[in-house]
Every structure is written in C-alpha cells, then in structure tokens.
Amino acid sequence: MTSPTPDFDKLFTVEEANKMLPLVRAIVTDLQSLYLDLVERQRRMDHLNAGRDDDASDPYSDELRSIESQMEGDRDRLRGFVNELRELGVECKDPARGLIDFPSEMDGEIVYLCWKVDEPEVLHWHTLDAGFAGRQSLTAEAIAGPEICGVDNEVDDGEI
C-alpha cells in the first residue's frame, strides 16, 4: 500500500532552494541553537526534579517554576521558527542536526531536496518516504534541469 502524496503549496527547483538559503540558514541556525539549549536545560531540570516533591515550603520551588516558565516561552519561540519555515514552504525534519527539506519534483515524482545547516548549498535529494538515510547526491542534470545553457539535451535521429 502506497501512502498518499502530500499536497505542497510550493515545489522548489534546486536554484530556488539555494536562493532561499541565506534566510533559511539564519532561521535554522537560531532554531538549532535554541533547540539544543532547550534539550540540555530540560535534561538538567529532569535531573533536579527527580525524586522531588512539589512542596511549597521548598525554597527552590519558585525558582524551578520560573525556569520552567522561561523554558515554555522558549518552546513557543521554537515553534515560531518551525512555523516560519513552513510559511516559506520548507520543512524542518531534525532541529538538532539542522536538517531541512524543500519539496520538489524530479522526473514527474514529488521528492525532497535535502539540506543541512552546515552544507554550503542544496546538494542532495530523497524520496518522500526515504528520509535522510536515503538521500542521494543531485546530478548535474537535476541541478540545471532538462535544459543546460538553453540547449535541449535530447538528441533527435543522431543529430548533435
């Protein structure tokens, strides 16, 4: 059974995705930094709260509640970054690694152009269900499209 193909508002060419990278990189850099910070703070909070009773007489209860409130505000900011990316038409697949997918079309099939925050440009793609593990390098034809330098690559009856 095949899963239904999602409807995307925008399909990106490699060129369009690469033109958006300065903005996407700025958002993803902030998102990744905040996400990693939140994960670390949550780990420390879990450690501090392990075996604690929520006792109003505990001198640290107010401080812990304040920290949790600050973290909730940061979670809202994190959701804001993800929504900002969605509004641009791209998907955040892994905030820890700064992994982003741009919906695209290749050979009549909807695919994702796959980019990581530490990569200089969009250089990979994968099918919708393959994920990062199935990503493949883009070929020169996929990057340039069916026409390179305005010359059709197809050869008719042996003519060059």
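Taking H as built 1.01 Å from N, whose amide H comes closer than 5 Å to the amide H of L138, not counting residues under 5 places away?
Close amide H contacts, sequence-distant or interchain: H124, W125.
So, for the range 22-97, what is the accessible surface per residue at a probe of 1.4 Å, expressed in square angstrom?
Each residue of the range 22-97 exposes 66 Å² on average to a 1.4 Å probe.
Collect residues whose amide H, placed 1.01 Å from N in the peptide plane, falls under 5 Å from the amide H of F12; neighbours closer than 5 in sequence don't count.
Close amide H contacts, sequence-distant or interchain: S104, E105.
The values are calculated or read from the model by the stated rules, or taken from the named source; none is laboratory data. Bear in mind the structure is a predicted one, so any value in this text is a computation, not a measurement. What goes into the accessible areas is simple: the full protein's heavy atoms, side chains included, and nothing from ligands, DNA or RNA. Shrake-Rupley method; radii C 1.70, N 1.55, O 1.52, S 1.80 Å.
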